[in-house]
Amino acid sequence: MKDMNVRTPLVEIKGLEKQFDLDQGWLETLKFRNGRITREKRAVHAVNNVTLDVNRGEALCVVGESGCGKSTVARLVAGLLTPTSGEIHYDGSRIDDLSRAQMQPLRNRIQMIFQNPYASLNPRMTIRQALEEPVRHHNPSFSAAEVREKVTEVMMSVGVDPTWAKRYPHEFSGGQRQRIAIARALTVDPEFIIADEPISALDVSIQAQVLNLMLEAKESRGLTYLFITHDLSVVEHFGTRVAVLYLGSVCEVADTATLFSNPKHPYTRALLSAVPQLKDDRPNHIRLKGEIPTPINMPQGCPFQSRCAFANNRCDSEKPKAIHQPDGSLVACHAVEENRLDEG
Amino acid sequence: MSLLSVRDLTVKFAMRDETVTALNGISFDVAKGERLGIVGESGAGKSITGFALMKLISRPGYVDRGEILLDGEDVVKMSDQRLRELRGDKMSMIFQDPMVTLNPVLTIGQQMVETLLAHRKLSREEARQIAIVKLREVYINSPEERLDQYPHELSGGMRQRIIIAIALLLDPELIIADEPTTALDVTIQADIMELLLELCQSNKVGLILITHDLGVVSQMTERTLVMYAGRIIEAGRTREIINDPQHPYTQGLINALPQQTLPGHKLRQIPGNMPSLTNIPPGCPFNPRCEYATDLCRTRIPEIAQYGEVQVACHEVQRLQAEGERQEQNA
Ligand SMILES: Nc1ncnc2c1ncn2[C@@H]1O[C@H](COP(=O)(O)OP(=O)(O)OP(=O)(O)O)[C@@H](O)[C@H]1O
Ligand SMILES: Nc1ncnc2c1ncn2[C@@H]1O[C@H](COP(=O)(O)OP(=O)(O)OP(=O)(O)O)[C@@H](O)[C@H]1O
Ligand code: SF4
Ligand code: SF4
Ligand SMILES: [Mg+2]
Ligand SMILES: [Mg+2]
């Protein structure tokens, strides 16, 4: 199966769905409504029919509002959650149905950087212990001194004082911890990194340094990224392609340049207009009006309809399918399909 | 009188092998309804400043000297009893790590209701209703369902908004917000910022906004402090600092913004890194990274002083200002 066909995407996500039950116990499903006891089972529809490829050597950025399912997609791909339905293929083989033990060989090829820097390091391990482990694993012939030297180098590459290696995570600031977590992920020398908001806790100068480090790894080692971020200036800088998620559904996938120069989906447009500008007092963003639906009470039809200025009857009842556009992007919107978006 | 007046605040950590100074004599004020930004690179001491204001520095850390006057009362000397009354009620903090606020084994509703009951005479049901209102304010939908969920069942951005709601629960007069919107996308970030702005303007709430996002600082705050290695190195009106930064470090921060670089190009970085606390160079702490450093910079620490509208801690600031003017004239 593992042929040299570079054209097959590294990761193929097909019709991915994830629901979380809100009511665990049987008792909890009993609800008292209008004077009667009824049974209701409520679920969070976190990811809905997501189909997406990650190509080798690319940085696919996933953007979208808080709660739209970005981290859930990341955790599903990393094998930390089991999908409700759908498939995930990695390097040509299906991985979503693997057991923990079967996933093991992939653990070093796939690394995940978590959203919360405070949760990504083991609090009982010194920084040295956390970093030495992957260094040893990859360089079994290294002497103790060589391992130490490598750890020093890794810490310096993310701007953390190597003499602090003997310290525990709680002695570092939020941003320092996140950089150590990123350094650790890169040290494992994976081929695929799933990074969930890896740099949003970092200040700009360190962001620049860490982004450059990640870009370098991408170019020199052909590393592939699934990169979740809400910072669109980072997307523009780092991403080769962008997928925009809304309420667990993909609304638009496009090359970064295309997305920024010619966003099509009404939600993408609103998102791009909301970027805070440095030297301007009044944010001039398209305010999204209307009730934000939650993945608990999923609307029928287009997930974006309650806030969309272009919604019509069709949008109420029929969920738009992703359709290929002439410029190569994929857009799931009836108005785009019907060509009525830029008229009037 | 200021709502908050911090004078010469110095915080140290006694570590196994040596004692380090995390905050070095910082002073600033926040008036009622004023919005103050604190910026600076990772490790500058921003969070430690917030912790100190809430009197949450614990061993091996300690406040070495200085005072923190909240409406005239010194937080540093305050009794635990008085602190419990004031925390949450008069001042509250939105922590960078949501799990400082959130207890993983309690539902969101339990935590919010308990907090309300500890400070207010309310019935459980009344407290629950207030919690629902506060969750709506931070754009949490289906708040009734969310109240019954545990922290791990929420997305990163929801957790962040919930701790904002908890910080606002008792209508405090001073809010310290440590990276309150880092996990939020721009649309919700804009809404949350508007909510905070509204609170400051109509309820006269004082806000200390700790963030690394200069765009946010620029939109949200009236005054800004720039911190480096535990010191304030530039302070003044936000507009001035963003448009015409005086300290070489502040200039570097602004130049490193991705917006200032063409897509796909390497970002401009300030060379080197913020020193760790055990490794602060003599003289100006920024000198190894500063292109203008002189011998004086390598030996003497610059005091913060007033230059026109802003306060700057840099030996060379006047020379740099003069050069800047000359360049402008030549252009
Ligand atoms: N318990 C501790 N023991 C020793 N040093 C500490 C401790 N806690 C924090 N520090 C140090 O104090 C310095 C300031 O930390 P602080 O958390 O205030 O940084 P920050 O400006 O908030 O950075 P970030 O943007 O990364 O959150 C850091 O260099 C950190 O290593
Ligand atoms: N373990 C869980 N149990 C129940 N619900 C969950 C669980 N994990 C996630 N969810 C729900 O799934 C939805 C999507 O969450 P997810 O963390 O994927 O969002 P996100 O896009 O990463 O948001 P953010 O930008 O805020 O981090 C949310 O409604 C969340 O409450
Ligand atoms: S399908 Fe309809 S509701 Fe959805 S984004 Fe397009 S126009 Fe708006
Ligand atoms: S004091 Fe000297 S080293 Fe420090 S910022 Fe000013 S010029 Fe640079
Ligand atoms: Mg997330
Ligand atoms: Mg911090």
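Values as computed for the structure displayed
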{"item": "Chain B, helix-only ellipticity at 222 nm - DSSP H runs n ≥ 4, -39,500 (n - 2.57), divided by all residues, nearest 500", "result": "-10500 deg cm²/dmol"}
{"item": "Per residue accessible area in Å² of chain B, where ligands, DNA and RNA are left out and the probe is 1.4 Å", "result": "42 Å²"}
{"item": "Interface burial for A against B (accessible surface, 1.4 Å probe, total of both chains, Å², rounded to 100)", "result": "5200 Å²"}
{"item": "Backbone HN-Hα couplings from phi across region B:146-153 [Karplus 6.51/-1.76/1.60, Hz, Gly and Pro as x]", "result": "5, 4, 8, 9, 8, x, 5, 8"}
{"item": "Net charge, B:PHE286 excluded, C-beta distance under 12 Å - Lys, Arg +1, Asp, Glu -1", "result": "-1"}
{"item": "Note, ³J(HN,Hα) from phi for region A:141-149, Karplus 6.51, -1.76, 1.60, rounded to Hz, x at Gly and Pro", "result": "8, 5, 6, 4, 5, 5, 4, 4, 4"}
{"item": "Under 5 Å, built H, 5+ apart or other chain: amide partners of B:LEU225", "result": "B:GLY37, B:ILE38, B:VAL39"}
{"item": "Which of B:GLY61, B:GLN246, B:SER27, positive extreme of dipole for chain B (C-beta unit charges)", "result": "B:GLY61"}
{"item": "Distance violations [Cα-Cα > 21 Å] among A:LYS18/A:LYS41; B:LYS12/B:LYS204; B:LYS12/B:LYS46", "result": "B:LYS12/B:LYS204"}
{"item": "Value at 222 nm in deg cm²/dmol, rounded to 500, when DSSP H runs of n ≥ 4 in chain A each add -39,500 (n - 2.57)", "result": "-8000 deg cm²/dmol"}
{"item": "Highest-MSF residue in chain A out of A:SER143, A:SER273, A:SER317 [GNM, Cα springs under 10 Å]", "result": "A:SER143"}
{"item": "Extension reserve of the A:ARG36-A:ASN297 stretch, reckoned as 0.36 nm per residue once the Cα distance is removed", "result": "91.8 nm"}
{"item": "Accessible surface of chain B, 1.4 Å probe, proportion on carbon and sulfur as whole %", "result": "48 percent"}
{"item": "Cα-centred dipole magnitude for region B:228-330, charges only on beta-carbon of K, R (+1) and D, E (-1), debye, nearest 20", "result": "360 debye"}
{"item": "Kirkwood hydrodynamic radius of the protein assembly as shown, from inverse mean 1/r over distinct Cα pairs, in Å", "result": "26.5 Å"}
{"item": "Choice from A:THR224, A:THR163, A:THR256 with maximal GNM fluctuation in chain A (Cα, 10 Å cutoff)", "result": "A:THR163"}
{"item": "Distance (nanometres) between label positions extended 7 Å along Cα→Cβ at B:GLN321 and B:ARG82", "result": "4.0 nm"}
{"item": "Efficiency of FRET from Cβ geometry, B:ASP148 and B:ARG7, R₀ 41 Å, rounded to 0.05", "result": "0.35"}
{"item": "Cβ-based net charge around A:GLY67, under 11 Å, with every Lys or Arg adding one and every Asp or Glu removing one", "result": "+2"}
{"item": "Cut-off 16 Å (backbone N to label point 7 Å along Cα→Cβ of A:SER273), residues of region A:309-326", "result": "A:309-311"}
{"item": "Over region B:228-330, relative contact order from alpha-carbon pairs under 8 Å, at least 6 apart, %", "result": "32 percent"}
{"item": "Residue of B:MET112, B:MET99, B:MET91 that the Gaussian network model of chain B assigns the largest fluctuation, springs spanning Cα pairs under 10 Å", "result": "B:MET99"}
{"item": "Degrees, to the nearest 10: A:127-138 long Cα axis against longest axis of chain A", "result": "90 degrees"}
{"item": "Neighbouring partner chain Cβ atoms per residue of B:92-102, average, 10 Å criterion", "result": "2"}
{"item": "Area accessible to solvent at B:LYS12, 1.4 Å probe radius, in Å²", "result": "50 Å²"}
{"item": "Dipole axis of the protein assembly as shown (+1 Lys, Arg; -1 Asp, Glu on Cβ), positive-most option in A:THR84, B:CYS284, B:ILE210", "result": "A:THR84"}
{"item": "Per-residue HN-Hα couplings for region B:237-248 [Karplus 6.51, -1.76, 1.60; θ = phi - 60°; Hz; x = Gly/Pro]", "result": "5, 4, 3, 5, 5, 6, 7, 8, x, 9, 7, x"}
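The values are calculated or read from the model by the stated rules, or taken from the named source; none is laboratory data. As the structure is a computational prediction, the values presented were derived from the model and not from experiment. Here the Cβ is made from the backbone with ideal geometry for all residues, glycine too, and neighbour counts use every protein chain on show. Accessible surface is based on the protein model in full, side chains and every heavy atom, while ligands, DNA and RNA are left aside. Shrake-Rupley method; radii C 1.70, N 1.55, O 1.52, S 1.80 Å.
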